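**Q** Here it is: the structure, laid out below.
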Amino acid sequence: MKSFAFLCCTMLIASMGCRSTQQTSANQVEKAPERELRMPTPTNSTPVAIVYKTTKDFSNYVPVILDAQHKHIVSYPAPTDVYYKGQLAKPTALENGYWLDNRGINEHVAFLSYTYEEYSQLGAAPDMQLLESKIMERYPLMEMYDCGKRNHFTDEISELNSLIKDGFPGCRKLHIPKPMNVTLNKE
C-alpha cells in the first residue's frame, strides 16, 4: 500500500511539474520582447532572381521595405547586412534599364539616401525616425518580376537579359503599388 501511495504522489508531483513548465513556456512567449524587423540577407535562403526597373537610378542606395500603404518602414538592414557574396549588395545592371536585386527587396521597396558605402560604415542602424526621414521615394518601382531561384540559372546575367529581351517568359510579374493620394509632411 505504501508503494502505491508513493507512486501516486510521484505521478502527481511529476504532472504538476509538467503543467508548471508549460505555463512558464506560455508566459515566456507572452513576455518575449518585440524584435526589430530587419531585412533578410540573401544568404539566409535560396535567393530569388528579382528583376526590376525604377523611376530613376537608385542602384547605389540602400533599400528598405515599407508597409502595404508605403507609410512606414517595416524592414531594414543592419549595416553589416548590406553585403552579398562578400561585396556590397548593389543590384546588378541588366539590359534596358533593369536591375537584378542582390539585397532581398519586394514590391514595397523604398530607397534611403544612404549609399551602400555610407551605410556599411555605420556602427549600428539609425533609429526609425532617422531612417524614415532618409526615404528618397516611397514608390520607386515601375516594374518587378520574379524569375525563379537564382541557382537555377547557368549564366545568370546572360539568361536574365534574354528573358528581358523576350518579354519575361516564365517570370511572374509582381503587382506594383501605385501612389495613394497621401500628403507626406517634409519638414
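**Q** Probe 1.4 Å, all protein chains in place: accessible area of D127 in Å², nearest 10?
**A** 100
**Q** If you don't mind, another one. If you add up the charges near N96, with Lys and Arg at +1 and Asp and Glu at -1, over every other residue whose beta carbon is less than 12 angstrom from its beta carbon, what do you get?
**A** Cβ neighbours under 12 Å give a net charge of -1.
**Q** By how many nm would the segment from T80 to K165 lengthen if fully extended, with 0.36 nm per residue of separation less the alpha-carbon distance?
**A** 27.1 nm
**Q** P(r) for the stretch 85-187: what percent of alpha-carbon pairs falls in each 5 Å bin, starting at zero?
**A** Going from the shortest bin to the longest, the percentages are 2, 9, 17, 22, 16, 15, 11, 6, 2, 0.
**Q** If you roll a 1.4 angstrom probe over the protein chains with everything in place, what fraction of the accessible area of the stretch 39-165 belongs to carbon and sulfur, to the nearest %? Please report the intermediate quantities before stating the final value.
**A** Values: 2810 of 5910 Å².
In the stretch 39-165, the share of accessible area belonging to carbon and sulfur is 48 percent.
**Q** Compute the FRET efficiency between R172 and Q129 as 1/(1 + (r/R0)^6), taking r as their Cβ-Cβ distance and R0 = 41 Å, and round to the nearest 0.05. Could the numbers behind the result be given before it?
**A** Details: r = 36 Å, r/R0 = 0.87.
It comes out at approximately 0.70.
**Q** So, one more: Along its principal axes, what span do the Cα atoms of the stretch 65-128 show, with the longest given first and each in whole Å?
**A** 36, 30, 18
**Q** Okay, moving on. Obtain the radius of gyration and the Kirkwood radius of the stretch 36-154 from its C-alpha atoms and give Rg over Rh.
**A** On the way: Rg = 13.4 Å, Rh = 14.4 Å.
Across the stretch 36-154, the Cα-based Rg/Rh ratio is 0.93.
The values are calculated or read from the model by the stated rules, or taken from the named source; none is laboratory data. Owing to the predicted nature of the structure, the values given are computational and were not obtained by experimental measurement. Cβ sites come from the backbone with ideal geometry, for glycine too, and all protein chains shown count toward neighbours. Note: accessible area is taken over every heavy atom of the protein model, side chains too, but ligands, DNA and RNA are not part of it. Shrake-Rupley method; radii C 1.70, N 1.55, O 1.52, S 1.80 Å.
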